[in-house]
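The block underneath contains the structure these notes are about, expressed in structure tokens.
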Amino acid sequence: MQESIRCEKRMTHNHRLDRVPSANDMCWVGGLSHGSNVSGVECYNPLDHEWKVLGSVSRHRSGVGVAPLNGSIYVVGGHDGVVCRRSVERYEPETNSWKRDVAPINEAKRDVAVAELEGYLYCVGGYDGLLCLSTTERYDPLLNRWCRMAPMNRRRRGLGLAVLDGYLYAIGGSDGCSPLYSVERYSPTEDRWTPCSPLRTCRENLGCATFQGKIYAVGGRDDITELRSIERFDPVANEWSAVTPMKSKRSKVSLVAANGYLLAIGGYDGTVHVTTVEAFDPEMNKWRPFGNTQTCHPGGGVAAIKLAPYVRETSQLARNR
């Protein structure tokens, strides 16, 4: 109880937050800048309200898809600075180690979107170095196999992918010529994509997450500039509506729902890759500064996952050395 009180005081003083987050952690994985400054694995501990570097990535690449499944964080595809990759790896937070026991996807690609639905991983869209793709692949962890599913109706790279009410939503992205307004929904029982209500603003390299029963499309880039605007999809009304914009423009932003907040992490503001984090408080209907990561992760991704206590202790010891 005393530790919770101390945590509440520290969070309120530093960021004017009025409640203590639950103990869910986030890991930000991978990324590769043009200067070959490689990002590793960072973990956010809500009890300390700090990002801590846990270690390096196994293979250096950007444009990866990142999603949690069965306690691991999967990193799919990407670009190693020379070619697009088929390889898939998983990071085990509890042992702070990388495993290469995952079957590769069927085609090498970057700028993909990955999400977990009903115990499977879905890898959607991307860019193979020549063309934008409409393909959908599904990973079965029991069989350790990727299989091709029905393709999307549009080719998309840099798209958002969200899960809501048992469906996958592919949102925006680029067809290789221009950013897209269009949205489509995948039914796993029918293995079919169908068109949905379009975005109000075309967006590629956006952040996307489901939060409190609605889908948020955050930032990205239109055909002119990086964006700080937000849209929210209500499945009951079947429409997108504008939400309070972020304080900063963010393309290639990572978006995750955790601890009662929607967190926009990193991204590119049109000049530099940033390390700042913003939190959307639904009760206040506003975005607030939420600290900084230790490094920028261009082309990486974030997943929310429960970390064992000794993982936090190990990362703290490493940081103090």
- Cα centroid distance between segment 266-282 and segment 183-204, in Å? 26 Å
- Query: How about residue 252: which lysines have a C-alpha closer than 23 Å to its C-alpha, ignoring those fewer than 8 places off in the same chain?
  - Reply: 52, 109, 214, 286
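Can you give me the Kirkwood hydrodynamic radius for segment 38-131, using every pair of distinct Cα atoms, in Å to one decimal?
Values: mean 1/r = 0.0718 Å⁻¹.
In segment 38-131 this quantity evaluates to 13.9 Å.
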- Query: Simple spin-label model, 7 Å along Cα-to-Cβ: residue 128 to residue 82 in nm?
  - Reply: 2.1 nm
- Message: Which one, 64, 29, 183, has the greatest fluctuation when you compute a Gaussian network model over the chain with C-alpha springs under 10 angstrom?
- Response: 183
- Query: When the Cα centres of segment 98-133 and segment 139-165 are compared, how far apart do they sit, in Å?
  - Reply: 7 Å
- Note on the structure: The base-10 log of I(q)/I(0) that the Debye equation returns for segment 250-300 at q = 0.18, 0.22 Å⁻¹, one scatterer per C-alpha, is -0.53, -0.76
- Message: Would you work out the Kirkwood radius for segment 2-320? I mean one over the mean of 1/r across all pairs of different Cα atoms, in Å.
- Response: 19.5 Å
- Task: Determine, from the Cβ-Cβ distance of residue 101 and residue 271 and an R0 of 51 Å, the FRET efficiency 1/(1 + (r/R0)^6), rounded to the nearest 0.05.
- Result: 0.80
- Task: Using the Cα centre as the reference, give the magnitude of the dipole from point charges on the C-beta atoms of the chain (Lys, Arg: +1; Asp, Glu: -1; all else neutral), rounded to the nearest 20 debye.
- Result: 560 debye
- Item | Over the chain, relative contact order from alpha-carbon pairs under 8 Å, at least 6 apart, % | 16 percent
- Ranking 67, 120, 158 by how far each Cα lies towards the positive end of the charge dipole of segment 2-320 (+1 on Lys and Arg Cβ, -1 on Asp and Glu Cβ), the top one is 158
- Given the C-alpha centroids of segment 214-229 and segment 44-73, what is the distance between them in whole angstrom? 23 Å
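Since every read-out is calculated from the coordinates, none of them should be taken as a lab result. Model, not experiment: these values are computed from the prediction. Cβ atoms come from the backbone with ideal geometry, glycine included; neighbour counts cover every protein chain shown.
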